[in-house]
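Visitor: The structure's right below; bear with me while I get my questions together.
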Amino acid sequence: MSRTAGRHFLQIPGPTNVPDRILRAIDRPTIDHRGPDFGALGRRLFAGLKPVFKCSGPVIVYPASGTGAWEAALVNTLSPGDRVLMSETGHFATLWRGLAEKLGLKPDFLPGDWRHGADAEAIAARLGEDKAHEIRAVCVVHNETSTGCTSDIAAVRKAIDEAGHPALLMVDTISSLASIDYRHDEWGVDVTVAGSQKGLMLPPGLSFNAVSEKALDAHRTAGLPRAYWDWTAMLKANETGYFPHTPATNLLYGLAEAIDMLQEEGLDRVFARHDRHAEATRRAVGAWGLEVLCLDPDRYSSSLTAVLMPEGESADRFRRIVLDAFDMSLGSGLGKLADRVFRIGHLGDFNDLSLAGTLAGVEMGLALAGVPHEKGGTQAAMDYLAEEARAAVKETA
């Protein structure tokens, strides 16, 4: 196989490019996970994660993908046959519903068009109909990775409160944590689900549950079987910085480095950077004469942009051409969006020049693939980025 010069542009919406600092941290020798040095590392991590989630309660870390964190959230708080209210915002919301069904839960799945976030009014209406309070949890994906649409979690919380409903609020932040502003405590979230391979800039392999006191109360009476995912065993060991099983030690080294990097940049600046890159990408898409999948400008994702292909054009063929010609991976369409969209990831350790290169590759790929479009999208994005850079320079002068 011949070598391709330069770095591969991994512009899917996760896993994201892993920074050198984190790779170097992961490369350290593994230590005794029962020894004092590991306990110090664990205590540092459990404290450092709280500002990232903006929570005061515990954050539980599993050696798992985000799917594991989905399951942990459900089995630790619910019982067989419980009803859960979920919103069809895209492919990953659909997968979470499927997992709930396999666990013996009964999802009420509010239909959606995959072009908007969760409908808080529909959630309020369904909860209002549930006079017996049989719905035990409301599960929402904050940033739907398949569509590039976010959901207004504060509005969902308000809907639950105004309905006077006791349901738990569970939120998937797998592609939004450390990329888009998220507030576990302020928004009254009971279980936040997250993964390591996106905004946290790590390889896949760690997942998270941030947990409220209300969720812990539900945990004490929950009846679904659990062993590996059990919060009780995890929290007891975590008190002293340890785990009840063998942890992913080297990934935890990387997590400590990632927390340091987020603190050094500052979360507000991290969010502003992601907002800037998302806006630049949308300007490019508009200049190309293509369509962003998300139809609600208030709910545009800052982690990724899903782009609709013109009628009759294959997104998968276009992506293959971009990969072969420019060594760049773009996200595929998932579920009912298969072959209809491509997704540009602009999250994690990512800067203006990385985005400019990404958009140049997309624009050249559109031309190579013969996809109908207008020229100048990359330039439109660069003009916006340059203007933003000018404003930043003036502020610091």
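The values are calculated or read from the model by the stated rules, or taken from the named source; none is laboratory data. Since the structure is predicted, the reported quantities are computational estimates derived from the model, not experimental observations. Using ideal geometry, Cβ is built from the backbone for each residue, glycine included, and neighbour counts are taken over all protein chains shown. What goes into the accessible areas is simple: the full protein's heavy atoms, side chains included, and nothing from ligands, DNA or RNA. Shrake-Rupley method; radii C 1.70, N 1.55, O 1.52, S 1.80 Å.
Visitor: Keeping every protein chain in place, order Ser151, Ser329 by accessible area at 1.4 Å, biggest value first, i.e. largest first.
Guide: So, going from the largest accessible area down, we get Ser329, Ser151.
Visitor: Pull the list of the chain cysteines that no other Cys approaches to under 4.7 Å, Cβ to Cβ.
Guide: Cys55, Cys139
Visitor: Looking only at Cα atoms, what is the convex hull volume of region 231-307 per residue, in Å³?
Guide: Measuring per residue, one finds 163 Å³ for the Cα hull of region 231-307.
Visitor: Still on this structure: Let me check I've understood the local charge: for Gly57, count other residues with C-beta under 14 angstrom from its C-beta, Lys and Arg +1, Asp and Glu -1. What total comes out?
Guide: -2
Visitor: Given a 1.4 angstrom probe, what's the average accessible area per residue across region 219-305, in square angstrom?
Guide: That works out to 42 Å² for each residue.
Visitor: If you don't mind, there's one more thing I want to ask. Note down the relative contact order for the chain as a percent, whole number, built from C-alpha pairs under 8 angstrom at least six residues apart.
Guide: Once normalised by length, the contact order is 23 percent.
Visitor: Another question, then. Ignoring ligands, DNA and RNA, what percent of the accessible area of the chain is carbon or sulfur (1.4 Å)?
Guide: Looking at the chain in its full context, I get 52 percent from C and S.
Visitor: Right, another one. Per residue, how much accessible surface does region 1-108 expose to a 1.4 Å probe? Answer in Å², no decimals.
Guide: For region 1-108, the solvent-accessible area averages 46 Å² per residue.
Visitor: Now for a separate question. Let me check I've understood the local charge: for Ala163, count other residues with C-beta under 10 angstrom from its C-beta, Lys and Arg +1, Asp and Glu -1. What total comes out?
Guide: -2
Visitor: Of Arg97, Arg3, which has the most accessible area and how do the rest follow, probe 1.4 Å?
Guide: From most exposed to least exposed: Arg3, Arg97.
Visitor: Filter the cross-link list Lys214/Lys336; Lys106/Lys236; Lys102/Lys336; Lys54/Lys198; Lys102/Lys198 down to pairs whose alpha-carbon distance in this structure exceeds 24 Å.
Guide: Cα-Cα > 24 Å for Lys214/Lys336; Lys106/Lys236; Lys102/Lys198; rest within.
Visitor: I've got another one for you. Hey, what number do you get for the chain at 222 nm if only DSSP H runs of n ≥ 4 count, each worth -39500 (n - 2.57), divided across all residues, to the nearest 500?
Guide: Calculated at 222 nm, the ellipticity per residue is -14000 deg cm²/dmol.
Visitor: Now a separate question. For every other residue with a beta carbon closer than 14 angstrom to the beta carbon of Leu295, add +1 if it is Lys or Arg and -1 if Asp or Glu, then tell me the sum.
Guide: Neighbourhood net charge equals -3.
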